[in-house]
Amino acid sequence: MRTGGCRWPLPEARGVMAAARAEAEAEAQAAVTALAVSVRDFVTGQQDGRAAEVAAGLKDGSWTVLQLVEALGFCLENTDPRVRGRGMQLLSQVLLECYSVLQEKEDWCQIGAAVQRTDSAGIAGVRCGDCVGPEVLLKWRVSVRMRVRAAEHGQQTGFRAKSPGALEEVLHLVLFYENRLQDHHLVIPSVLQGLRALSMCEVLSPGLAVSVLKAIFQEVHVQSLLQLDRHTVYSIITNFMGTREEELKGLGADFTFGFIQVMDGEKDPRNLLVAFQIVRDLIAKNYALGPFVEELFEVTSCYFPIDFTPPPNDPHGIQREDLILSLRAVLASTPQFAEFLLPLLIEKMDSDLQSAKLDALQTLTACCAIYGQKELQEFLPSLWSSLRREVFQTASEKVEAESLAALHALSACLSRSVLSSDTEDLLDSFLSSILQDCRHHLCEPDMKLVWPSAKILQAAAGASLRACHHITRSVLPLLLEQYTKHPQSSQRRTILEMLLGFLELQQKWGHVEEEESTLLSLQAPVCSVVFSALTDPSVQLQLVGIRALTVLGSLRGFLSPSDLELVVDHLIRLALCEEDSQSSEAAMEAAGSLAPIYPKVFSGRMVPRLEEELQSEQEEESSCDRCSLRQRCLQALAAVSTHTSIVRETVPVLLQHLRKVQKGSDAGSAQDIISVCQSLHRVALRCQQDAESCWYYHQAVVPCLLAMAVQAAMQESTHPPLGKALLQEEVLAAMVPVISAATTHLSPELAAQSVSHVVPLFLNGEVSFLPQNSFPCSFQPFQDGECLEAQRRLVALLMAFVCSLPRNVAIPQQEWLLRELLALSCSCNCPFTATTAAKCFAGLVNKHPAGQQLDEILQLAVNRIEPGLAEGLHRTQALTLLLWVTKALVLRYHPLSSHLTDKLLGLLSDTELGPAAADGFSLLMAESPDVLHKGCHADVRIMFRQRFFTDNVPKLVQGFHGAGPDVKANYLKGLSHVLNHLPKPVLVTELPTLLSLLLEALSCSDRVVQLSTLSCLQPLLLEAPQIMSLHVDTLVTKFLSLASSPTMAVRIAALRCANALTSLPTIVLLPYKARVIRALAKPLDDKKRLVRKEAVAARGEWFLLGSPGR
Amino acid sequence: MVGPGPGGGAPLENANPLIYRRSGERPVTAREEDDELPDIIDDREIFDLIRSINDPEHPLTLEELNVVEQVRVKVNDAESTVTVEFTPTIPHCSMATLIGLSIKVKLIRSLPERFKLDVHITPGTHVSEHAVNKQLADKERVAAALENSHLLEVVNQCLSARS
C-alpha cells in the first residue's frame, strides 16, 4: 500500500504528460492541417493572401519549412504546368519573405532534405512537362553530381567551413531551382523569384552563384520574358555582384558575355537603369571584359543619344535626364571605349537634333576626365572641326556653351597627360591648330566671328597654365597690335574686351613665375593700351578700360609704383570729372576693389585729393557743377573705404565736411547733409564685418551726429524762427540708417558700453559723453513744453540706436523709456515725432523678453490706444501706434497680436480712419526699412505672413460681405495689400477661394485697389493658368475695360495682364483673339509712351496665338 | 516671293557678317512718367519697335546687323506717316523681301490704324531693289503673303521675343 500510496500520483502524472503530449500533437496536427489548407487554397483556390499567412506561420514557428515543402509536394509533381507554377510561386514567395529568417543552418538542412525528397517528384513533373526530353534530364543528373563534387572540392580547399550536410542540402535546393529553369514557361517567373531570394542569402556555398548565373545564361532567353521577370534577372545579377565579386570574376569574360546576351535588346527604361548600373560596376570593379569590349559598348551605346519621353502621369517617375546621366556614366567610364565612342560622338555632334548635340558634347566633356593623349590623338582633328563649327555657326547659346566646355575639357585633358620623351606634345599641336583657325578672326573686330573665336581661345587657355602660356604668347601681342591699328573706339572696345578676357585668365592662375610670364614682358604696352582707353572720349571704351585696370591691379606685382600712382590719378579724374555717371561709378567701384590691395597708395594719394576738393571754396564755377563735384567726392570717399586704415582717414573727412555744411539753413544744405549721411552709411556697411573698424566707426560717428543734432535742437528752442537744416525730417531720416548700421554689428559688451551713454542722454539729459558738450540749456526731449518740439524730433536718432542693438543687450531704465515713448506717441501733435516714437516703442516691445513686465507694458499701451481711437484730436496717432505695436507682436507670434489685429479689422468700417487702416495692412506685411527687420535683430518668425494670411483673410472676406457700400473698398484694399506681400506659391494654392473676390475688386473704382489687384493677378496668370482659364471671360472683359482707365499706372498694369493672359491654354483664348486684338488697337494710340509700349507687347503676343511659328 | 527658308544644313549666304552694338533700352524720363503730359510718337519709338526683329538667317537682330538704323526711320505723328528704310547685309541678299515683310507686319500690328506705312530698301543697296519695293508697297500682295502659312510662320519667328 505504501508503495501503492506513493505510486498513485505517477499514473496521474503520466496521464497529464500524455495529455499534454497529445494536446501538443493535436495542435501540431491542427497546424499541419491548417498549412495544408492554406497551400491548397493558394494553389487551387488562387487565393494570393494565403502566401503571407504561410510565411507568417513559418516566421512564428507554427510550422517548419519541411512541412511546407511536404505540403507542397502534391502540386510540385502535378502534370499541369499551371499548378506547378502556382506551387513554385508559393515556395518562392515564402523564400522571399523568409530568406533572412532562414539563415540558420538547421533550417537549410530541413529545407534541403525536403527538396531532395521531392527531387524525384520534380523530375517526374519535368518529365510530364512538354518542354524537356529525357536526355536533358540525364545531363542534369550528371551535372548535379559533378557540381556536388566541385562544391566539396571547393570546401576542401578552404572556401568556407560549413557542415557537409548543410552544404549539400543548400546545394540541392539551388540545383532544384536551377533545374526548374528548364520547366514550362509559365513556371519560369516563379523560379526566377526563388533564385532572387536565394541570391540575397548569405549562406550560399562557394560556386553556387556561378552555377546559378550559368544556368540562367544558358537556359533562359531573358528578352522574351516580361518586364518584371527581366528585372528579376537583373536583380539576381546585381545581388551576386554585390556579395560574390571574387567568384564571379572567376568566370572571366564569360560572365561579361553572358550579361551582354541578357541585356541585348532591353527596351524598358526601368530595366535599363539597372542594366546600366551593372555595366558601370562591371567596368568600375575590373571584371574581365576579354574580347567583348566592343560588344559591351555596342549593347549600351545603341541607346545613345537617349530619346525617351516619360508618359504623362508616369507612376515610376523615371525622367529622360536619369537615363541620360546613367548611360553617360557607362560610356564615360573607361578609356577602353574611346576608339568606338569618339566616332559616335563626332557623328552625333553633326546631328540636326539639338538634344543629340548637347548630349554628345556633355558626354565628350565627361570622357575627357578619364581619357589621355593616347585615346584622343587619332580623333583630335575631327573633334576640333566639329566643335569649331558648333561655336561659329550655332544659333543656340546652350550649344555654344557646351561646345566651349568640351573644348576646355579637351585642352585640360591634353595638358594633364604625362609625356614620355619620344612622343610629341599633342597639346601644342592642338592649340596651334586652334590658333591657326581663330587668330585671324581677332583682327576683324566688326565681324560676327570675332567673339566666337575669342571665346574658343579663352576656353582652351583657361584649361591649364601651360595652355594659357601657349595661347597668350601668341594672342596678346596680336591684340595689342590690333588695338593700335584700329583707331575707332567701338573697334578698340571689342579688342580691349577680348584682351580683358585673357587678363582675367591670368588672374585665375594667380602669381606667375616671372621668367615664364609673357604678360610681364608686355607690361608696358598693356599699360599704355589700358591708359589710352581711360582717356578715350567713348564711355563704353572707358568702362572696359576701368575693368581692365581692376584686373591688372589684382595681378600682384604687375603694376610698378609709378604706374600705380598713374592708376590712382586716372581713377580720381574719372570719378570726379568724367561727365558720364556710368564711368564715374565704375571708377569708384574699381577704386573700392583696388584699395584693400594697395591701402597706402589710396590713403596717401586719393583721400587727400578728395579732402582738398571738398574743402575748396572756389565759387568761380557755377554752383551746380560745384554741387555735383562735391557729391562725387562724397561718393568716392565712401567707395574707397574698403580697408581699415583707409576708413580711419575717410571718416574724419566726412564728419568734418558734415560739420561744415550743417551750419547752413537752406534746402541746398539739407541735400548736402543727406549726401554726407548716405556716404557715411555706405562706409558703415563696409565696416560691419570687421569688429575693430566697426567699433572705431561707432565711436567716431554716433556721438558726433548726436552732438550736432542736440546742439541744433537747443539753438532751435532758443530761436524758434531759425529752421535748422539738420532737424528737417528728411535729414533725420537720412541719419537713421547711419546710426543703425553703426550699431547692429557691435559686440554685446561694446554695445552695452554705448547704451549706457545714449539712453541717459535722452532720459536725464546727460550730455557729458558728447564732444563739444557745452550747451546753452538742458536737453529734455521727454519733457512737456512748447519750445521742446525740436528736441523731441531727435527721438528718431534714439530709435535708430536702441532698435538696432543686439537682443541680449540690456537697456538701462527700459520701463521708464517705454512709458515716455508711449506718452509721446499718443500725445504729440507732430506726426513725424509721434510716428517715430511709436516705431521706437514697437521696436523695443518686439525684442522685450516675454513675461509679466511685457504684459504690463502692453496693457498700458492698449489702455492708451483704445480711448485714443474712440475720439479726440489724436485718433491718427492712436492708429499709428496700434499699427506699429500690432506689427511688433505679429512678427513674434505674440498672443495679444490677434486682439490688436481684430481691432484694426474693426476700424476698416470707420468712415474717417478706414482708408488709413486699410493702408496699414501694407505696413504690417511689408519689410520696414529702419526698425523691426532681421538686420536689426528683431524677433521675426519666418512664416508670419502666411500665418497672418490664414488668420485674417477669412475675416477680411467676411467683413467685406457685411460692409456698407461706402467702406467696401477698404476691405478690398486691405486684402490686396496682404495678398501682394504673400509668397506667390502660397498665393497660388489659396487662389480658388479668393479669386471671385479679386475679380470683384477689379470692378472697384479705387485706383489703389485696381492696381494692387492687377499686380496680384499678373503672376497668377503666369503660374496658375489652369485655374485662371476658368474665368477667362471675366478677365478679358475687365482687363480691356481697365486698359482705358484714366490712370496711366492702371492702364499699364491692365495691359501687362492682357499680355500675361496669353500664357493660358491657347484653346481657351482663341474665341477672344479677334476681340482682344481689335480692343488693343486703341491703346496703341495712347497719349503716354509707356502705355503704348505695353499695348504693343500685348497685341504682338495675341497676334501670335494659334498662329504658325509661335 | 522668297528664297529657301532658314536653318537646315544649307550654308549661310553670309557666314561672317559685320555686327553692330545694340542701343540700350530707352531710359524712362520723368516727363514720360507724368500722367498728364502727352508723349508724341517719335523716330526712336518706331525704331524700338523694329530693332529687335530677328534676322531670318542669323541669331542676331536687325539692329545688330545694321539692317535697320534709327536715322533711316522717319515718323510724322501729326500727319500719321511712317517711313522706314532698311539695308540688306549684301546686295544680292535673298532674304530682303522677307525682312521687309517682317518690318511691315510688325508695324501693322504695333501702330494705330491712322498711320500710312512706307517700308522700302535703302536706295542703291540691293540688286532687285525696285521689285522688292513694289512687292512691299502692294497691300494685296502683302495680305496674300500672310495667307501662306509657311511664310507666316517665318515672319512670326522673326517677330517672336527671343527665348
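Which aspartates and glutamates does residue B:139 reach when only Cα atoms under 15 Å apart count, and residues fewer than 8 places away in its own chain are ignored?
Result set, ordered by chain and number: B:113, B:118, B:147.
Applying a 10 Å radius around every beta-carbon, put A:198-206, A:496-504, A:878-886, A:981-989 in order of their mean neighbour count, most first.
Per-residue mean Cβ counts within 10 Å order the peptides as A:878-886, A:496-504, A:198-206, A:981-989.
Under 8 Å for C-alpha pairs, at least 6 residues apart: give me the relative contact order for segment A:387-540, rounded to a whole percent.
Across segment A:387-540, relative contact order equals 21 percent.
In the structure displayed, which of A:660/A:847; A:267/A:348; A:847/A:903 lie more than 28 Å apart, Cα to Cα? Walk me through the numbers on the way to the answer.
Numbers: A:660/A:847 38 Å; A:267/A:348 21 Å; A:847/A:903 23 Å.
Over 28 Å Cα-Cα: A:660/A:847.
Only Lys, Arg, Asp and Glu count, each charged at its Cβ (+1, +1, -1, -1), so figure out the dipole size of the protein assembly as shown about its Cα centre, rounded to 20 debye.
For the protein assembly as shown, the charge dipole is close to 1860 debye.
Take the Cα pairs of the protein assembly as shown, get the Kirkwood Rh, then feed it into Stokes-Einstein at 37 °C and 0.692 mPa s and tell me D in µm²/s. Could the numbers behind the result be given before it?
Values: Rh = 39.6 Å.
The diffusion coefficient I find is 83 µm²/s.
Percent of Cα-Cα pairs more than 24 Å apart in segment A:358-456, please.
23
Over its Cα atoms, what ratio of radius of gyration to 2.2 N^0.38 Å does chain B give?
Working: Rg = 16.2 Å, N = 163, 2.2 N^0.38 = 15.2 Å.
Its radius of gyration relative to the 2.2 N^0.38 Å reference: 1.06.
Once the Cα gyration tensor of segment A:644-705 is found, what semi-axes does its equivalent ellipsoid get, as square roots of 5 times the eigenvalues, in whole Å, sorted largest first?
Semi-axis lengths for segment A:644-705 are 23, 10, 9 Å.
Let me know the whole percent of all Cα-Cα pairs from segment A:295-399 that are separated by more than 19 Å.
Working: 2472 of 5460 pairs.
Taking all Cα-Cα pairs of segment A:295-399, the fraction more than 19 Å apart is 45 percent.
Of A:1034, A:929, A:976, which is farthest on the positive side of the dipole of segment A:916-1043, counting Cα position, with +1 on Lys and Arg Cβ, -1 on Asp and Glu Cβ, and the Cα centre as origin?
Working it through, the farthest residue towards the positive pole turns out to be A:929.
Based on the Kirkwood radius over alpha-carbon pairs, what is the Stokes-Einstein translational diffusion coefficient of segment A:801-861 at 25 °C with 0.890 mPa s viscosity, in µm²/s?
Values: Rh = 11.9 Å.
For these conditions, the coefficient is 206 µm²/s.
Give me the number: length gained by fully extending residue A:433 to residue A:957, i.e. 0.36 nm times residue separation minus the C-alpha to C-alpha distance, one decimal in nm.
Numbers: separation 524, 0.36 × 524 = 188.64 nm, distance 7.19 nm.
Roughly 181.5 nm would be gained on extension.
Please sort A:184-190, A:288-294 by packing, taking for each peptide the average over its residues of neighbouring beta carbons within 10 angstrom, highest first.
Highest to lowest by the protection proxy: A:184-190, A:288-294.
Scan around residue B:81 for amide H atoms under 5 Å from its own, H built in the peptide plane at 1.01 Å from N, and keep only partners 5 or more places away or cross-chain.
Those qualifying (amide H under 5 Å, at least 5 residues apart or on another chain) are B:76, B:116.
Using the Cα centre of the protein assembly as shown as origin and beta-carbon charges of +1 (Lys, Arg) and -1 (Asp, Glu), tell me which of B:105, B:66, A:676 is placed farthest towards the positive end of the dipole.
Of the listed residues, the answer is B:105.
I'd like the per residue volume of the convex hull spanned by the Cα atoms of segment A:758-836, given in cubic angstrom. Can you show the working numbers first?
Details: hull volume 8.0 nm³, N = 79.
Dividing the Cα hull volume of segment A:758-836 by its residues yields 102 Å³.
If the limit is 23 Å between Cα atoms, which of A:448/B:74; A:1082/B:104; A:1093/B:134 go over it?
A:448/B:74; A:1093/B:134
Average partner chain C-beta neighbours within 10 Å, per residue of A:962-972?
For this peptide, the per-residue mean of nearby foreign Cβ atoms is 0.
Just to be sure I understand: if I project the alpha-carbon convex hull of segment A:867-1002 onto a plane and average over all orientations, what area do I get in nm²?
Details: hull surface 34.2 nm².
Computing the convex hull of the Cα atoms and averaging its projections yields 8.6 nm².
Return the average number of partner chain Cβ atoms within 10 angstrom of each residue Cβ along peptide A:1082-1093.
On the way: counts 2, 1, 8, 8, 3, 6, 8, 13, 4, 2, 7, 7.
Average per residue, whole number: 6.
As an exercise, find the ratio Rg/Rh for segment A:381-521 from alpha-carbon atoms, using the Kirkwood inverse-distance average for Rh.
Using Cα coordinates only, the ratio equals 0.97.
Please list, in order along segment A:992-1003, the HN-Hα scalar couplings obtained from phi with the Karplus expression 6.51 cos²θ - 1.76 cosθ + 1.60 (θ = phi - 60°), rounded to whole Hz, x for Gly and Pro.
Coupling constants for segment A:992-1003: x, 6, 9, 4, 4, 5, 4, 5, 5, 4, 5, 7 Hz.
By count of other Cβ within 10 Å, fewest leading, how are A:746, A:821 ordered?
Result, fewest neighbours first: A:746, A:821.
Only Cα pairs within less than 10 Å get springs; with that Gaussian network setup on chain B, which residue of B:124, B:24, B:100 has the largest fluctuation?
B:24
Using each residue's phi in segment A:950-962, evaluate 6.51 cos²θ - 1.76 cosθ + 1.60 at θ = phi - 60° and report the 3J(HN,Hα) Karplus result to the nearest Hz, with x for Gly and Pro.
5, 6, 10, 5, x, 5, 4, 5, 4, x, 4, 5, x
Which value at 222 nm does chain A reach when only helices count, each DSSP H run of 4 or more adding -39,500 (n - 2.57), with the total divided by all residues and rounded to the nearest 500 deg cm²/dmol?
Rounded to the nearest 500, the figure is -23000 deg cm²/dmol.
Determine, for A:943, B:95, the number of other Cβ atoms within 10 Å of each Cβ, and report the residues in order from fewest to most.
Result, fewest neighbours first: A:943, B:95.
In whole Hz and in residue order, list the ³J(HN,Hα) couplings for segment A:897-912 that follow from phi through the Karplus curve 6.51 cos²θ - 1.76 cosθ + 1.60, θ = phi - 60°; x for Gly and Pro.
Ordered by residue, 3J(HN,Hα) equals 4, 5, 4, 5, 5, 4, 4, 5, 4, x, 5, 4, 8, 7, 5, 7 Hz.
Tell me which residues come under 5 Å, amide H to amide H, from residue A:447 once H is placed; ignore anything under 5 positions away on its chain.
B:19
Taking each residue of A:1012-1020 in turn, how many C-beta atoms of other protein chains fall within 10 Å of its C-beta, and what is the average? Walk me through the numbers before you get to the answer.
Values: counts 0, 0, 0, 0, 0, 0, 0, 0, 0.
Mean partner shielding for this stretch: 0.
Please list the equivalent ellipsoid semi-axes of segment A:230-291, computed as the square roots of five times the alpha-carbon gyration tensor eigenvalues, in descending order and whole angstrom.
19, 13, 10
Enter the Cα centre distance for the pair segment A:312-332 and segment A:1029-1049, rounded to the nearest angstrom.
45
As an exercise, find the ratio Rg/Rh for segment A:950-1048 from alpha-carbon atoms, using the Kirkwood inverse-distance average for Rh.
My calculation of the ratio gives 0.94.
Name the residue farthest towards the positive end of the dipole of chain A from the options A:952, A:63, A:598, assuming +1 on Cβ of Lys and Arg, -1 on Cβ of Asp and Glu, about the Cα centre.
So the residue we want is A:952.
What is the dipole size for segment B:55-163, taken about its Cα centre, with +1 at each Lys and Arg Cβ and -1 at each Asp and Glu Cβ, in debye to the nearest 20?
The dipole of segment B:55-163 has a size of about 200 debye.
Report the relative contact order of chain A, percent, no decimals, based on alpha-carbon pairs under 8 angstrom and at least 6 residues apart.
Over chain A, the number comes to 4 percent.
Compute and list, largest first, the equivalent-ellipsoid semi-axes of segment A:557-665 from the alpha carbon gyration tensor, each √(5λ) rounded to a whole angstrom. List each step's numbers first, then the result.
On the way: eigenvalues 116, 54, 25 Å².
Semi-axes, largest first: 24, 16, 11 Å.
What translational diffusion coefficient, to the nearest whole µm²/s, does segment A:865-942 have by Stokes-Einstein, given a Kirkwood radius computed over alpha-carbon pairs, a temperature of 37 °C and 0.692 mPa s viscosity?
The calculation lands on 254 µm²/s.
Under 5 Å between amide H atoms, partner at least 5 residues away or on a different chain: which partners does residue B:119 have, H built in plane at 1.01 Å?
Amide H to amide H, under 5 Å and 5 or more residues apart or across chains, residue B:119 pairs with B:84.
If N is the number of residues in segment A:857-900, what value comes out of its Cα radius of gyration divided by 2.2 N^0.38 Å?
Here the Cα radius of gyration is 1.12 times the empirical estimate.
Every read-out reported here was derived from the displayed coordinates using simple, explicitly stated rules and does not represent laboratory data. Bear in mind that the values here come from a model prediction, so they are computed numbers and not experimental data. Reconstructed Cβ throughout: ideal geometry from the backbone, glycine too, with neighbour counts over all protein chains shown.
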